[in-house]
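**Q** Quick one: the structure is below, and I'll ask about it shortly.
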Amino acid sequence: MSAARQSQARPWLTLIGIGEDGADGLASPARALIAGASLVAGGSRHLHLAAPLIRGETLAWPKPMTDAYPAILARAGSDVVVLASGDPYCFGVGSALAALIPAAEIACIPAPSAFALAAARLGWAQQDLTTISFCGRPLEAIVPLLHPGARVLALSADASTPGAVARLLVERGFGPSMLHVMEALGGPRERVRSGLARSGVPADIGPLNLLAAELAASPDAVVLPLAPGLPDALFENDGQLTKQEVRAMTLAALAPCPGELLWDIGAGSGAVSIEWCLRGRGTRALAVEARPDRAARAARNALSLGAVAVDIVAGRAPSVLAGLPPPDAAFIGGGLQGEGVLDATWAALRPGGRLVANAVALDTQGLLFDAQARFGGTLSRIAVERLDQIGTMRAFRPAMAVVQWAVTKRG
């Protein structure tokens, strides 16, 4: 659904955060706005909490919730209230509605978020922890956050989430982590229970809960470092894999920044896309792969490593590239030999975007020499040698050298 009608010039939509203490916890301005609204929308729980104040019509969120947005937009100019848990702009409905309605038409009265309440209960400084939501997101999204000593606050999708997270932590070698299951924070039914992940969680957890984790690792824990160049063994592959050292140099040349989109053409195992998405907040990748088995393998790798912003695009470039959102950076690995792939990628690249291409075979290396002559950029030859055993002796065995072309699109 696209945004931005012409502004009505005054706030007619008010987003009001409501806690588990219901109407009693709302300040006078919020109470008056709810009482005076012609329409009050929100989850069934929110509407129940605010019921003593509501005088107008109500609209409970359908599934999907977006089906209710036209009804809200149709009331533009009249007084409408949308209720949300805590802070509407913290993993809430606020950002979705702000994409549809001009900012001048929206007012917001937030309540303390679940994260703020949890940090207050535990005595944790919010600036020193990481927050995540499992609502509509796979549990594996927590994998990149699994670092010894880190603290994480996670919004649960339902009552089963804490147990599932505890099992995932044990599988990843983080069984010694301390988990705090925090239910119905801020209300009369508030409850906080703590224990080690390896000990499991209580069986009677309510659906409205938050999970706080103090991460501790066992010696066999799988920890994803912040630096690029993850070990090759972390990626399921059939040999179509940009090797660790070359991958680290490739990521350095691609220079990911928060919120940017990568095209990974000829993705193979998906390693470059995955590492791109692990490097910065909001980074996204489209992993283009012609072979169905490799596309499926890349999807499994992305989920296993928590790179949930990798989307697989099954098909052969350049035809499959048509209609994709333009990239901020592009990597061409296994797809370089396809006719027209390089030109189509260059044409789609945003101004200021980076294109990096790697080649091993002399035939494809020649394409990079031609491309550098046409578009500029730099050519580098990357040679890696690893220690190996030769009989009873040891020697460095060279891998096949890789020619890398890196260029920034100007204008």
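The values are calculated or read from the model by the stated rules, or taken from the named source; none is laboratory data. Source: prediction; values computed, not measured. A quick note on method: Cβ atoms are made from the backbone with ideal geometry, for glycine too, and the neighbour counts reach across all protein chains shown.
**Q** Look through ALA307, ALA330, ALA371, ALA302 and report the one residue that is buried (at least 17 other Cβ atoms within 10 Å of the Cβ) and part of a loop (DSSP other than H, G, I, E, B). Show your work before the answer.
**A** Numbers: ALA330 fails: part of a loop (DSSP other than H, G, I, E, B); ALA371 fails: part of a loop (DSSP other than H, G, I, E, B); ALA302 fails: part of a loop (DSSP other than H, G, I, E, B).
The conditions single out ALA307.
**Q** I would also like to ask the following. Tell me, yes or no, whether region 271-283 has at least one residue that is closer than 30 Å to PHE115 by Cβ, outside any helix (DSSP H, G or I) and modelled with pLDDT of 95 or more. Give the steps one after another, and end with the answer.
**A** Residues of region 271-283 that are closer than 30 Å to PHE115 by Cβ, as a first pass: 273-283.
If we keep only those that are outside any helix (DSSP H, G or I) too, we end up with 280-283.
Next cut, modelled with pLDDT of 95 or more only: 283.
Among the residues of region 271-283, at least one is closer than 30 Å to PHE115 by Cβ, outside any helix (DSSP H, G or I) and modelled with pLDDT of 95 or more, which makes the answer yes.
**Q** Suppose the filter is of a type in the set (Asp, Glu) and at pLDDT below 95; does ASP293 pass it?
**A** Working: of a type in the set (Asp, Glu): yes; at pLDDT below 95: no.
Judged against the criteria, ASP293 is not a match.
**Q** State all residues of region 165-175 that are without any contact (Cβ under 8 Å) to a residue 40 or more places away in the chain and either part of a loop (DSSP other than H, G, I, E, B) or surrounded by fewer than 15 Cβ atoms within 10 Å (Cβ to Cβ) (or both); if no residue qualifies, say none. Before the answer, list the steps.
**A** Let us first name the residues in region 165-175 that are without any contact (Cβ under 8 Å) to a residue 40 or more places away in the chain, namely 166-168, 170-171.
Within region 165-175, just GLU171 meets the criteria.
**Q** Which one is surrounded by the fewest Cβ atoms within 10 Å (Cβ to Cβ) among residues in region 86-110 that are within 23 Å of PHE134 (Cβ to Cβ) and touching a helix residue (DSSP H, G or I) at 6+ places or on another chain (Cβ under 7 Å)?
**A** Once the filter is applied, the top-ranked residue is TYR89.
**Q** Now for a separate question. From THR283, THR364, which residue is among the hydroxyl-bearing types (Ser, Thr, Tyr) and within 22 Å of the chain's Cα centre (by Cα)? Give the steps one after another, and end with the answer.
**A** Numbers: THR364 fails: within 22 Å of the chain's Cα centre (by Cα).
Sole residue among the options that is among the hydroxyl-bearing types (Ser, Thr, Tyr) and within 22 Å of the chain's Cα centre (by Cα): THR283.
**Q** Among the residues of region 384-406, how many are closer than 28 Å to ASP328 by Cα and either free of Cβ contacts under 8 Å to residues at least 40 places away in the same chain or loosely packed, with under 15 Cβ neighbours inside 10 Å (or both)? If you could, list the steps in order and put the result at the bottom.
**A** So in region 384-406, the residues closer than 28 Å to ASP328 by Cα come out as 401-406.
Okay, now just the ones that are also either free of Cβ contacts under 8 Å to residues at least 40 places away in the same chain or loosely packed, with under 15 Cβ neighbours inside 10 Å (or both), so 401.
Adding up the residues that qualify gives 1.
**Q** Next question, about the same structure. Against the conditions (1) under 24 Å from the mean Cα position of the chain (by Cα); (2) at pLDDT 95 or above, where does GLY323 fall short? Just the number, please.
**A** Result: GLY323 fails condition (2) only.
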